[in-house]
1. What's the longest piece of the chain with no exposed GluC sites (Glu not before Pro), counting a site as exposed if DSSP puts it in a loop and it has at most 11 other beta carbons within 10 Å?
2. Size of the chain along its principal axes in angstrom, Cα-based, largest extent first?
3. Under a point spin-label approximation (7 Å from Cα along Cα-to-Cβ), what is the Ala283-Asp143 distance to one decimal in nm?
4. Using the alpha carbon gyration tensor of the range 333-412, what are the three equivalent-ellipsoid semi-axes (square root of 5 times each eigenvalue), largest first, in whole Å?
5. Could you give the Stokes-Einstein D for the range 367-420 in µm² per second, using the C-alpha Kirkwood radius, 25 °C, 0.890 mPa s?
6. Rounded to whole Å, give me the distance from the Cα center of the range 123-151 to that of the range 189-244.
7. Using alpha carbons only, how many angstrom separate the centre of the range 331-361 from the centre of the range 370-432?
8. On the accessible surface of the range 26-73, probed at 1.4 Å, how many percent belong to carbon and sulfur atoms?
Amino acid sequence: MKRTSGRILLAGTASALVFGFAGAAHAQAFYLQEQSVRAQGRAFSGEAADTGVDSLWWNPAAIGGLEGGQASVHASVILPRGKVVDDGTVIVRPGQAPAPVGGNGLAKNPINNGVLPSGSIAYGTGKFAFGLTVTSPYSFTTDYDSDSWARYSADKTKLRTIDIQPSVAFQPFEGFYIGAAANIEYVDAALGNYLPNLSPLLADGHQNLKGDGWDVGWSVGAQYHNGPASIGVAYKSAVKHKLKGTLTVDGLLGPLAAQNRTLDATAEFSTPWQAIMSGRVKATNQLTLNAQVVVYGWSKFDSIDLGAPINQSLPENYKDGFSYAFGVDYDVNPKWTVRSGIQFGETPTSNGNRDARVPDSDRWNFSAGTTYNMSEKIAIDAAASYITFKDAPVDRITAAYADTAAQTPVITNGRLTDASALVFSLGARVAF
């Protein structure tokens, strides 16, 4: 029984390892898309079909036909807001009647503010081009108070990723570009959550997991430019991550005290693949129309697979989804461009499978931005976004010490409400 209980402790923590990073992210679940200020200004509506280093993350063919060099740097300040509210969550300890989970029933703004940097560089000869972009597509921090009603699902959670994407592009003939890239990703994660002791009179125990690892995926893409019209398609593979680290459990009392220990731990999970389709049309000398559809393969995140000594697979039930974006660029004059856009994104979570670690929901993104060309070689970009999230239930049922005599179900009944985010970004581009 001791070994089984330990396995369940680690299983719950590994689940939080992935789930806790989502919250009010800005594309879908725990994917952040703020990898270009120019792209943000039009709500990410034309990236797979646009050219230059600012579109390199979405399509490695974006640097096709480049002559000379380009570089860009960006930073986004992300300010999420929202409430995760208890509507009657109960805990069922062994041999006891269901009782309120207790604690503060309102978690206000549990998702921390953050700064997201990124940058790209490329050089081309016209026929061939080589590029490198460094981004952080899955980075997040959540922080629930120790007395929160959600404490058995989430306490403090931190995820940091670094994606290094070396790219190559080729121009077989005028106006047609193809590209390929590797996605070398580093993940560093740390999280904690509380554990119920068998008596409600006893203070909670606690567990904390830390892990990191390097893994590799890939991207391919193509673009075709013909007069005023451009189309682009790209595919980014899933990345299967294996994190190695430690699990520390402490504060358990009585029959559970044997679980207080530190273990080596591993967890495997996959980020989603993306299929991106984009088009741009120069409607007039000054106005360009943009549209983009992204299919997210979140069903790749179907389970979390735990290694020895756990050797267990946990179903997660994420579903594939779409985002749709439309935007415009308008050249006020040769030096100044303004842009705006709107994007709708579906959540991969579903009712009955959503917990406080991922209070995610469908969202609308309203964005505006501008570019000022200081010279022929230097441009400054700025953008701002308002993202609003649909209210959604937080209703996933969990159990501590499952399949043991100490099994303690937590029947979650809560909701995400009043959730939104502001994103302000600034960047610069230079040609050389």
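1. On the way: sites that count: Glu174, Glu376.
Excluding the exposed sites themselves, the longest stretch runs over 175-375.
2. For the chain, the Cα spread along each principal axis is 74, 40, 30 Å.
3. Going from the Ala283 label point to the Asp143 one covers 4.5 nm.
4. Values: eigenvalues 451, 38, 11 Å².
In descending order, the three semi-axes are 47, 14, 7 Å.
5. On the way: Rh = 15.9 Å.
The Stokes-Einstein estimate is 154 µm²/s.
6. 9 Å
7. Rounded to whole Å, the Cα centres lie 9 Å apart.
8. Details: 260 of 590 Å².
C and S atoms contribute 44 percent here.
The values are calculated or read from the model by the stated rules, or taken from the named source; none is laboratory data. Here the structure is a predicted model, which means the values were calculated and not measured. Quick reminder, even Gly has a Cβ in these numbers, built from the backbone with ideal geometry, and neighbours come from all protein chains shown. The accessibility values were calculated without ligands, DNA or RNA, using every heavy atom of the protein model including side chains. Shrake-Rupley method; radii C 1.70, N 1.55, O 1.52, S 1.80 Å.
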